[in-house]
Amino acid sequence: MRVAERKKKQKHGLQSEIVSFGELLSGAQYFVMPYLQRPYQWTQSEVSDLVNDFLAADKAKYRNYVLGAIIGLRGPNKDIEIVDGQQRLITICILLAYCRDRLMGRNSSFDAEIQSCILAEGRPRVTPRPVDAPFLRDMFQARDSSARLAAAIAVQRETEKARVRAKEAAATEDPQELMVAAAVTVRDKLEPLGLDAVQKLAEFIMDKGIIDFIIADDRTQAAILYRSMNMRGRELSNADLVKLEAIEHGSFDRAMKDKAARIWEETEDALGRARFEQLLEMLPLLVSREATRSPGDLTEWREQTFKNARPETVLTAMLPLYGNLILELERGEIDAECANVAEEDAIDETNELLKGLLLLQDRHWLPAAMNIVHTQRGNPHFLLRYFRGLDRLSYAFFLGAMRRDDRADRAARFARVVAAGADEMRLAVAFELTADEQERLADRLRKPFGRDNWRRRAIAARINALLPNGRNFLRKEDVSVEHVLPTSHCPDWEKAGWPREIARFCSETTGNFVLVNEAQNNKAAQRLLEPKKKVYFETPGAPVHAITEDIRNVDEWTESYVRARTERFAKLLLAYWNIKE
C-alpha cells in the first residue's frame, strides 16, 4: 500500500485542538469524570505551583502559558468524559471561583463571563465523581458559595490544629479536604493582589492559559493515550485500569454502572488507595481460589474474577465484603462470638498470631486469612489451628527458609492454602514445610538479623508473644528493638570482654534483643548493662515487655549468655511451630 493511500484510509480515532481555558469552559460541552477516574488528589504543592506559574507568566507578559494536554471521551448529550485533566480542571475551577468572588459586582459582564466558565445552564462545567460533585458545587461553583467555603475553611483549620495536638498531622487523602486546602492556597497566594491584578490574572487564565484538548473515540484508547503521555498528573494506576476493565467493559446498563461505581468509590475511600489496590490484586484469588498466572494482566483478571461469579455480584457484594474484612484484620482483632471460655482463649491466641502477621511486610497470607474468617468466623478452635499454620508458613518465608523465596513461589504456596478452604486434610498439605525448609528455618533463627529494623522488630515481637505474660502488638505502637550489646563497636563494651568480630555477630542475634519505647532506646544508647537496665526497668510509665523482663536478673552480658539466649528463643519458636530438629 502506498503511503498516501495508507494515510487516506487510516483513522486514528483522535481529535486534537489547541484552545484556551476560556474557550474550553465556555463552549457547548460539559466535563464529567468517568468511572475510571481517581478522586481529586492535588496537594498544596501542586496547587501552589500552578498558581505561581500563572502569576509568573502573567507578570512576564507571556503570549500564552501551556498546561499540557487534557484527554476526553465523547459522552451522551454535551458531556465530555475526562480521562486526563481532572486535577487541573477542578483546580482552575477553584481558582476562577476565588477571582469571581473577589471581583463580584465590579464588572457585570466580566462576572457573567467568569461564572459561565464555572456553571452554565444550571450545570457545573466540571463535575467530579458523584460523591464529590455536590461538595464542589456548594463550595465553589454556586454564586453564593463564598460563605459556605469560609465556614469549611474554619472547620478544616480547627481539625488541623486537633491533629497537630494529637500528633496525627499526616497528609490528608480526603478529596473534599484537599479542595478546601486548595482554596486556602489560592487565597493565600492572591489575597495580597489588588482588584485590578486579580481581574488581569483571571483574564490571563481564560485567554492565555492554553491546553491541547484531545478527544478519543473509546475509553481504552483514551487510557492508553494517557499512560503514554503522562503529562502533568499521576500515571494511571492498576486500580484505574482494573476499574476500566471491570465497569466500563462490563455489559452493565447505566443503573448498574452507577451502583458499581458508587460501591467501588465507597470501598476505595474506606480502605485508602494503597490497600484498595491490594484488594483488587487479591480479588481473582478470593473469587476463583486459583493463583493468578500473570499478575497485572487485565484480561486474566477479568476472566478469573468473573468466571465463577456474576460480575455485578463481585463488584457490588464481594468487593465491599472483602474490603471490610481487610479493615477488620488490619485492626488485629477478629470479631467472633464465643460460646465458652475455651473459645474465647482460642480467639485471643488467634488475634495474637494476627498481630504478629501484621508486623510482616509481606501480605501473601492476607487472602487466606480473609477467606477463612469470612467462612469460619463461628469456629474459634478451627481459626486458631488455621492461623497457626499461616503463622508458620509466613514466618518461614520471612526468615528465608524456602529454597525459592521469590514472589511467584510465595503466591503459589498461599494460593494453595486459599484453595484448601476449610478442608483440614488439604490444609495440612498446604501448610507443610519440607524437611529442608524446616532445617533452614531452624538455622536462620540462630543467625544475625541485621538487614532491616522492621525485621528485627517482627522477630522480637514474635518471641515476646511466646514468653510468660508476653503479647504481640500492632505496627503503630511505640515499640522498638534495643540491642543490649550495641551494634557499633564500643570501647566500653570491648573492655567488658567483647572483641569486635564476636560482638558484630552476637549483637544482631535475637539473644541480644529487648523491646522498649523509642525514648528508652535513645537513652540506653551505648551504655553498659547495669545503666541500661535502669532505663529498661525504672523509666516511669514505660511498659516492660516480656522479652525485656527476661533479663531483669542477669548480672553479666557475655557471649555465652547471648548465644544461649538465642538458642532458647529458637527452640521456643520451633516448638510452637511443631518443628522437630
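At-a-glance table
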{"item": "Lone qualifier among Ala112, Ala57 - being among the small types (Gly, Ala, Ser) and either surrounded by 15 or more Cβ atoms within 10 Å (Cβ to Cβ) or within 29 Å of the chain's Cα centre (by Cα) (or both)", "result": "Ala57"}
{"item": "Residue tally, condition at pLDDT below 70 and in a helix (DSSP H, G or I), over segment 246-261", "result": "1"}
{"item": "Residues that are of a type in the set (Val, Ile, Thr) and in contact with an Asp or Glu (Cβ under 6 Å, 6 or more places away or on another chain), drawn from segment 481-540", "result": "Ile502, Val514, Val516"}
{"item": "Cβ pairs under 9 Å, 6+ apart, first in segment 552-563 and modelled with pLDDT of 95 or more, second of a type in the set (S, T, N, Q)", "result": "Trp557/Asn512; Val562/Ser507; Val562/Thr509; Val562/Asn512; Arg563/Thr509"}
{"item": "Residues that are farther than 18 Å from Arg568 by Cβ and surrounded by 15 or more Cβ atoms within 10 Å (Cβ to Cβ), drawn from segment 451-470", "result": "Arg455, Arg457, Ala458"}
{"item": "Among the residues listed as Arg440, Arg451, Arg471, the single one being closer than 26 Å to Asp391 by Cα, outside any loop (DSSP other than H, G, I, E, B) and either in the same structural domain as Arg563 (by TED's automatic domain parsing) or modelled with pLDDT under 95 (or both)", "result": "Arg440"}
{"item": "Scan of segment 277-299 for residues that are surrounded by fewer than 18 Cβ atoms within 10 Å (Cβ to Cβ) and at pLDDT below 80, ordered by number", "result": "Arg293, Ser294, Pro295, Gly296, Asp297, Leu298, Thr299"}
{"item": "Which listed residue is among the acidic types (Asp, Glu) and either in the same structural domain as Ala419 (by TED's automatic domain parsing) or in contact (Cβ under 8 Å) with a residue 12 or more places away in the chain (or both), from Glu303, Glu344", "result": "Glu344"}
{"item": "Qualifying residue in segment 78-90 (condition: in contact with a Ser or Thr (Cβ under 9 Å, 6 or more places away or on another chain), in a loop (DSSP other than H, G, I, E, B) and surrounded by fewer than 23 Cβ atoms within 10 Å (Cβ to Cβ))", "result": "no"}
{"item": "Ala420 vs. criteria surrounded by 13 or more Cβ atoms within 10 Å (Cβ to Cβ) and free of Cβ contacts under 8 Å to residues at least 40 places away in the same chain", "result": "yes"}
{"item": "Some residue of segment 117-133 being part of a strand (DSSP E or B) and of a type in the set (D, E, K, R)", "result": "yes"}
{"item": "Residues (farther than 22 Å from Trp577 by Cα and in a helix (DSSP H, G or I)) located in segment 330-360", "result": "Glu330, Val341"}
{"item": "Given (1) surrounded by fewer than 23 Cβ atoms within 10 Å (Cβ to Cβ); (2) among the basic types (Lys, Arg); (3) over 32 Å from the mean Cα position of the chain (by Cα), number of the condition Arg100 does not satisfy", "result": "(1)"}
{"item": "Of residues in segment 464-484 being farther than 23 Å from Arg331 by Cβ and of a type in the set (A, V, I, L, M), the one farthest from the chain's Cα centre (by Cα)", "result": "Val484"}
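The values are calculated or read from the model by the stated rules, or taken from the named source; none is laboratory data. Computed from a predicted model, the values in this text were never measured in an experiment. Here Cβ is always computed from backbone atoms with ideal geometry, including for glycine, and neighbour counts include all displayed protein chains.
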